[in-house]
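**Student:** Structure below; questions to follow.
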Amino acid sequence: MHEFSFINNIIENIQDKEDVIGVVIEVGDLAEIEGEHLKEHLEEMMGWDVEIEHKESLVLCSCGYKGIARINQRLHDIVVFCCPECDRVPEILEGKDIKILKVRYK
């Protein structure tokens, strides 16, 4: 399951894991995993309280459009998206990353 590579990266980037009680994670619209799946697996594996903050996408298309991407399909590990104006694949400016925003300790 590809979720575990995301989970392992998050766990590896947190210090003093045994003292962690919760984390706040930002998940972009165009990230390869949905926030709720990430939350579910992290809580199950680590026992942490996990809060997910949603980050909207921001794309720039060659047609001149700058705004939120149109998500056509979300599969298990890929997001199919396009420009809502012309259906081309735009450049992603924001909303593809997963970021640790806050770690709460005992």
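**Student:** Which of the trypsin sites (Lys or Arg not before Pro) across region 1-96 are loop residues per DSSP, with 16 or fewer other Cβ within 10 Å?
**Tutor:** Arg88
**Student:** Any idea what angle helix 35-46 forms with the longest principal axis of the chain, computed on alpha-carbon atoms, 0 to 90 degrees, nearest 10?
**Tutor:** For helix 35-46, the angle is close to 20 degrees.
**Student:** So, one more: Helix 3-12 versus the longest principal axis of the chain: what angle, 0 to 90°, nearest 10, using Cα atoms?
**Tutor:** 60
**Student:** What are the lysines whose alpha-carbon lies under 25 Å from the alpha-carbon of Lys55, with same-chain residues fewer than 8 places away excluded?
**Tutor:** Lys39, Lys66, Lys96, Lys99, Lys102
**Student:** Taking the Cα centre of region 3-105 as the origin, how large is its charge dipole in debye, to the nearest 20, when only Lys and Arg (+1) and Asp and Glu (-1) carry charge on their Cβ atoms?
**Tutor:** Its charge dipole is roughly 460 debye.
**Student:** Right, another one. List Val103, Val89 from most exposed to least, where exposure is judged by having the fewest other Cβ atoms within 10 Å.
**Tutor:** Val89, Val103
**Student:** Points 7 angstrom from Cα along the Cβ direction at Ser62 and Glu18: gap in nanometres?
**Tutor:** 5.5
**Student:** Also: Go ahead and estimate [θ] at 222 nm for the chain from helices alone: -39,500 (n - 2.57) per DSSP H run with n ≥ 4, summed, over the residue count, rounded to 500.
**Tutor:** For the chain, the value works out to -6500 deg cm²/dmol.
**Student:** Efficiency by 1/(1 + (r/R0)^6): what FRET value for Glu91 and Ile11, r their Cβ-Cβ distance, R0 = 35 Å, to the nearest 0.05?
**Tutor:** 0.70
**Student:** Just the isolated ones, please: cysteines in the chain lacking another cysteine beta carbon under 4.7 angstrom.
**Tutor:** For the chain, the answer is Cys82, because their Cβ atoms have no other cysteine Cβ under 4.7 Å.
**Student:** Measuring from label point to label point, each 7 Å out along Cα→Cβ, what is the Asn72 to Met45 span in nm?
**Tutor:** With each label placed 7 Å out from Cα toward Cβ, I get 3.1 nm.
**Student:** Let me ask something additional. I need the phi-derived Karplus couplings for region 86-94: 6.51 cos²θ - 1.76 cosθ + 1.60, θ = phi - 60°, integer Hz, Gly and Pro marked x.
**Tutor:** Each residue's phi maps through the Karplus curve to give 10, 6, 7, 8, x, 7, 8, 9, 8 Hz.
**Student:** Still on this model: Toward the positive end of the charge dipole of the chain, about the Cα centre and with charges on Cβ (Lys, Arg +1; Asp, Glu -1), which of Phe81, Ile100, Ile25 goes farthest?
**Tutor:** The residue sitting farthest along the positive end of the dipole is Phe81.
**Student:** Sticking with this one: Give the percent of DSSP beta bridges with both residues in region 3-105 that are antiparallel, rounded to the nearest 5.
**Tutor:** Looking only at bridges with both residues in region 3-105, the antiparallel portion is about 70 percent.
**Student:** In addition: Return the Cα extents of the chain along principal axes one, two and three, sorted largest first, each rounded to a whole Å.
**Tutor:** Ordered largest first, the chain gives principal extents of 50, 24, 17 Å.
**Student:** Order by neighbour count: Leu30, Leu58, fewest other Cβ atoms within 10 Å first, most last.
**Tutor:** Ranked by crowding around the Cβ, least crowded first: Leu58, Leu30.
We did not get these values from a lab; they are worked out from the coordinates using the rules stated. The model shown is predicted, which means the values in this text are computed figures rather than measured ones. Glycine also receives a Cβ, built like all others from the backbone with ideal geometry; neighbour counts cover every protein chain displayed.
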